[in-house]
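Enquirer: Here it is, the structure in full.
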Amino acid sequence: MGGRDATMVLLDENGIRCDGRKVDEPRRIMIKAGGLKNADGSAYIEFGDNKILVGVFGPRDVHPKHMSNTDTGILRVRYHMEPFSVGERKNPAPSRREIEISKVIKEALEPAVMLEKFPRTAVDVFIEVLQADGGTRCAALSAASVALADAGIPMRDMVAACAAGKVADTIVLDVNNEEDQAGQADMPIGYMPSLEKITLLQLDGVLTPEEYKKCVQVGVDGCKIVYDIQKKALQDKYFGNGAD
Ligand code: CDP
């Protein structure tokens, strides 16, 4: 969207990508657990140039009451982009894309959260994208997992997320915004590393069966890198010097 250099080389003869990364290298990832004092749990992530804040509330009473489930708790997720998060001002009203991403993230988190322990209640996850640069759903999902853990919500595992894709006929890890727009395929993956279970898999583009398998493997390996950073964020808050 806007201002892309048509002559940009996506992958040079040395296997270096347009932002200087190798094919299996993720962007810089920084996660901070906590930070919002009015939320039960929170997290902030920088994933390349993506900047996303997540607040978690609950388990708490459901209003209106008929939305509650007597057998289990419910998870509600709102993914929202700030109008200033992208180059061209985004209308603050929820777009179809934001509604889809909210649903996708909710469904990716549900297998991880032990909602059955909190019947009749809701856990609310609010995601605010402050700056977007391709791959916000994966970054948001990874931060939401940390925020849920920070809220003390019992979980089977954290969901770590990272995309893989096809750029210049090559399978690469963590597709950036330029690669997403000019590349051939983008596959966001959410993965629970301890349980070895995929909870999110989407594919925009066309891949051969071999490329598909390779893409899943590369994406899962990326999720494992994210997982280590998620765990470190929680360790830093609860056992390290970053407590707040
Ligand atoms: O962010 P993600 O890759 O998960 O979702 P996408 O729908 O594939 O969007 C790719 C990127 O397009 C976003 O990360 C934003 O950088 C950009 N975008 C934008 O510039 N304006 C919008 N209204 C929506 C997305």
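The values are calculated or read from the model by the stated rules, or taken from the named source; none is laboratory data. Keep in mind it's a predicted model, so treat the numbers as computed, not measured. When we count neighbours, we look across all protein chains shown, and the Cβ atoms used for this are built from the backbone with ideal geometry, even at glycine. What goes into the accessible areas is simple: the full protein's heavy atoms, side chains included, and nothing from ligands, DNA or RNA. Shrake-Rupley method; radii C 1.70, N 1.55, O 1.52, S 1.80 Å.
Enquirer: Out of the residues in segment 193-208 meeting the condition of being in contact (Cβ under 8 Å) with a residue 24 or more places away in the chain and not in a strand (DSSP E or B), tell me which one is nearest to residue 227 (Cα to Cα).
Expert: The residue in question is 193.
Enquirer: Out of 62, 54, which single residue is of a type in the set (A, V, I, L, M), crowded, with 19+ Cβ neighbours inside 10 Å and touching a Ser or Thr at 6+ places or on another chain (Cβ under 9 Å)?
Expert: 54
Enquirer: Continuing with this model, one more query. Might you let me know whether segment 49-62 holds any residue that is assigned to a loop (DSSP other than H, G, I, E, B) and either at positive phi or more than 16 Å from the ligand (Cβ to nearest atom) (or both)?
Expert: Yes: segment 49-62 contains one or more residues that are assigned to a loop (DSSP other than H, G, I, E, B) and either at positive phi or more than 16 Å from the ligand (Cβ to nearest atom) (or both).
Enquirer: One residue is enough: does segment 178-192 have a residue meeting the conditions in contact (Cβ under 8 Å) with a residue 12 or more places away in the chain, among the β-branched types (Val, Ile, Thr) and open to solvent by 10 Å² or more (accessible area, probe 1.4 Å)?
Expert: For segment 178-192, residues in contact (Cβ under 8 Å) with a residue 12 or more places away in the chain, among the β-branched types (Val, Ile, Thr) and open to solvent by 10 Å² or more (accessible area, probe 1.4 Å): absent.
Enquirer: What pairs come out if I take residues in segment 136-163 that are over 13 Å from residue 113 (Cβ atoms) and modelled with pLDDT under 95 and pair them with residues that are among the charged types (D, E, K, R) and surrounded by 24 or more Cβ atoms within 10 Å (Cβ to Cβ) whose C-beta lies under 8 Å away, six or more apart or interchain?
Expert: Short answer, once both residue conditions are applied: none.
Enquirer: I would also like to ask the following. Among the residues of segment 127-167, which ones are open to solvent by less than 10 Å² (accessible area, probe 1.4 Å), away from the ligand (no atom under 12 Å from the Cβ) and in a strand (DSSP E or B)?
Expert: 160, 164, 167
Enquirer: Which is at pLDDT 95 or above, among the small types (Gly, Ala, Ser) and farther than 22 Å from residue 111 by Cβ, of 183, 205?
Expert: Criteria check complete, one pass: 205.
Enquirer: With respect to the numbered conditions (1) within 23 Å of residue 195 (Cβ to Cβ); (2) open to solvent by 50 Å² or more (accessible area, probe 1.4 Å), which one is the sole condition not fulfilled by residue 88?
Expert: Every condition holds for residue 88 apart from (1).
Enquirer: Quick one: is residue 234 over 16 Å from the mean Cα position of the chain (by Cα) and not in a helix (DSSP H, G or I)?
Expert: So residue 234 fails the test.
Enquirer: Could you pull out the residue among 207, 195 that is of a type in the set (A, V, I, L, M, F, W, C) and touching a helix residue (DSSP H, G or I) at 6+ places or on another chain (Cβ under 9 Å)?
Expert: On inspection, the qualifying residue turns out to be 207.
Enquirer: Going through segment 77-94 one residue at a time, which ones are within 26 Å of residue 62 (Cβ to Cβ) and hydroxyl-bearing (Ser, Thr, Tyr)?
Expert: Hit for segment 77-94 is 79, nothing else.
Enquirer: Run residue 78 past the list (1) among the charged types (D, E, K, R); (2) outside any helix (DSSP H, G or I); (3) within 14 Å of the ligand (Cβ to nearest atom); (4) in contact with a helix residue (DSSP H, G or I) (Cβ under 7 Å, 6 or more places away or on another chain) and report the number of the one that doesn't hold.
Expert: (3)
Enquirer: Okay, moving on. Where the second residue is open to solvent by 20 Å² or more (accessible area, probe 1.4 Å) and of a type in the set (Asp, Glu) and the first is more than 18 Å from residue 55 (Cβ to Cβ) and lies in segment 107-134, which pairs have Cβ atoms under 6 Å and are six or more apart or on separate chains?
Expert: Partner pairs satisfying both residue conditions: 119/71; 133/49; 134/180.
Enquirer: How many residues are of a type in the set (D, E, K, R) and over 30 Å from residue 237 (Cβ atoms) if we restrict to segment 143-197?
Expert: Residues flagged as of a type in the set (D, E, K, R) and over 30 Å from residue 237 (Cβ atoms) within segment 143-197 amount to 6.
Enquirer: Determine, yes or no, whether residue 211 is touching a residue at least 12 places away in the same chain (Cβ under 8 Å), open to solvent by less than 10 Å² (accessible area, probe 1.4 Å), among the charged types (D, E, K, R) and not in a loop (DSSP other than H, G, I, E, B).
Expert: So residue 211 does not fit the description; no.
Enquirer: Going through 203, 195 one at a time, which residue ends up being open to solvent by 20 Å² or more (accessible area, probe 1.4 Å) and within 13 Å of the ligand (Cβ to nearest atom)?
Expert: Only one candidate passes the filter, namely 203.
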